[in-house]
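The values are calculated or read from the model by the stated rules, or taken from the named source; none is laboratory data. Owing to the predicted nature of the structure, the values given are computational and were not obtained by experimental measurement. Neighbour counts run over all protein chains shown; Cβ positions are idealised from the backbone, glycine included. Note: accessible area is taken over every heavy atom of the protein model, side chains too, but ligands, DNA and RNA are not part of it. Shrake-Rupley method; radii C 1.70, N 1.55, O 1.52, S 1.80 Å.
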Amino acid sequence: MPGKALFQKTFTIKKDDFANAGEASVQIKNILKDVGFDSSVIRRVAVASYEAEMNVVMYGGGGNVRLAVNPDNVMLVVEDKGPGIPDVDQAMQEGFSTATDEMREMGFGAGMGLPNIKRNSDDLKIITSPDSGTRLEICIRSSVSGTEEN
Amino acid sequence: MKLSDIAAELGLKVEAGAQGLDAEVTGGYVSDLLSDVIGNCTAGQLWITLQVHDNIVAVATLKELAGIVIINGKQVSANAVEKAEAEGIPILSTQLPAYETAGRLYQLGIGAD
Ligand SMILES: Nc1ncnc2c1ncn2[C@@H]1O[C@H](COP(=O)(O)OP(=O)(O)OP(=O)(O)O)[C@@H](O)[C@H]1O
Ligand SMILES: [Mg+2]
């Protein structure tokens with residue numbers, strides 16, 4: 001990854017851990033709040049982070065999310081060693097989902113997660129294969145409020 | 001309108017997060033699909049749902065919602081209560097179904113936004 005991040009932190013995401021799912025995203029949101037990002041950036045990161053985290057919990061068999069705060073963007077790199085996404089174009093379509101009945105009962109499986117990530121990011125790369133799992137690189141442009149004058 | 005006033009008007013029971021009852025409610029949203037809420041809810045809205053599992057608190061926290069109203073007399077999970085207390089997210093409950101809950105809110109002047 002080019003350049004040096006101002007701040008970096010990796011969070012572990014556990015497989016099928018619905019009880020604690022979303023915790024990494026809440027922590028990321030709190031960090032960005034402390035750093036002083038404006039709320040529109042924080043909200044976009046929160047949406048992208050949550051959806052990516054839930055997909056790792058439900059389909060990826062666990063993994064991790066790395067937060068990197070750069071001078072003009074926030075990067076989220078979300079990785080799992082799961083089965084990969086066979087057809088990314090199809091997965092990106094709103095409404096497409098392979099969620100189980102159990103997941104659907106909990107309100108997951110609307111097939112809106114990846115479209116939500118796309119809509120809330122400035123750049124989204126999905127690298128996926130059956131051998132190496134899935135990696136999302138999500139970039140959200142920003143500037144840290146209050147530090148522009150420095 | 002403050003969430004505490006809404007709770008009083010509709011007879012909602014406070015299950016958790018009483019410290020957040022002072023929040024001003026900017027609107028309402030009815031959905032049982034988490035990605036729908038994550039994608040379309042805006043900060044300050046009151047979320048009406050029949051979902052009662054732990055994850056609803058993360059959704060409300062991330063979206064900075066005013067609170068969650070659990071409908072149909074469903075019992076929210078003990079874990080969700082614990083998380084809501086920690087995050088200061090009010091969880092309220094009612095015997096009413098979603099339609100009536102939303103209708104009553106609308107009558108109080110709480111629109112979509
Ligand atoms: N990390 C992943 N590994 C394997 N498959 C994935 C992964 N992320 C997404 N998918 C596949 O892509 C589909 C669409 O994902 P998306 O997040 O858009 O919707 P969903 O998770 O099914 O529902 P929602 O996010 O609305 O709860 C999933 O149902 C799943 O088949
Ligand atoms: Mg999803």
- Item | Test for residue A:68: is it in contact (Cβ under 8 Å) with a residue 24 or more places away in the chain and within 11 Å of another protein chain (Cβ to nearest Cβ) | no
- Out of A:69, A:57, report the one residue that is open to solvent by less than 10 Å² (accessible area, probe 1.4 Å) and within 27 Å of residue B:82 (Cα to Cα). A:57
- Note on the structure: Note on segment A:77-101: residues under 22 Å from residue A:67 (Cβ atoms) and either near ligand 1 (Cβ under 6 Å from one of its atoms) or open to solvent by less than 40 Å² (accessible area, probe 1.4 Å) (or both) are A:77, A:78, A:80, A:82
- Taking segment A:15-39 and keeping residues more than 10 Å from chain B (Cβ to nearest Cβ) and within 14 Å of the chain's Cα centre (by Cα) leaves A:27
- Message: Please list, ordered by residue number, the strands (runs of 3 or more DSSP E) wholly in segment A:1-86 having 1 or more residues that are in contact with a Ser or Thr (Cβ under 6 Å, 6 or more places away or on another chain).
- Response: A:63-69, A:73-80
- Keeping to segment B:9-49, report how many residues are within 9 Å of another protein chain (Cβ to nearest Cβ) and within 18 Å of residue B:78 (Cβ to Cβ). 1
- Note on the structure: Selection over segment B:78-113 where residues are surrounded by 17 or more Cβ atoms within 10 Å (Cβ to Cβ) and either assigned to a strand (DSSP E or B) or among the polar types (S, T, N, Q) (or both) yields a count of 5
- Message: Going by what's in this entry, would residue A:52 be described as closer than 15 Å to residue A:25 by Cβ and among the small types (Gly, Ala, Ser)?
- Response: yes
- Message: Can you confirm whether residue B:8 is open to solvent by 60 Å² or more (accessible area, probe 1.4 Å) and of a type in the set (Gly, Ala, Ser)?
- Response: yes
- Query: Residues of segment A:23-54 being small (Gly, Ala, Ser), under 24 Å from residue B:88 (Cα atoms) and modelled with pLDDT of 95 or more, which ones?
  - Reply: A:24, A:25, A:46, A:48, A:49
- Residues that are open to solvent by 30 Å² or more (accessible area, probe 1.4 Å) and within 9 Å of ligand 1 (Cβ to nearest atom), drawn from segment A:119-134: A:126, A:128
- Message: Give all pairs with beta carbons closer than 6 Å in which a residue from segment A:102-114 that is at pLDDT 95 or above meets a residue that is within 8 Å of ligand 2 (Cβ to nearest atom) and in a loop (DSSP other than H, G, I, E, B); count only pairs at least 6 apart in sequence or on separate chains.
- Response: A:103/A:109; A:108/A:99; A:109/A:97; A:109/A:99; A:111/A:97
- Within the bounds of segment B:27-36, is there any residue that is more than 16 Å from ligand 2 (Cβ to nearest atom), more than 18 Å from residue A:106 (Cα to Cα), open to solvent by less than 10 Å² (accessible area, probe 1.4 Å) and not in a strand (DSSP E or B)? no
- Note on the structure: Quick count over segment A:87-131, residues being in contact with a strand residue (DSSP E or B) (Cβ under 9 Å, 6 or more places away or on another chain), away from ligand 2 (no atom under 15 Å from the Cβ) and not in a strand (DSSP E or B), is 1
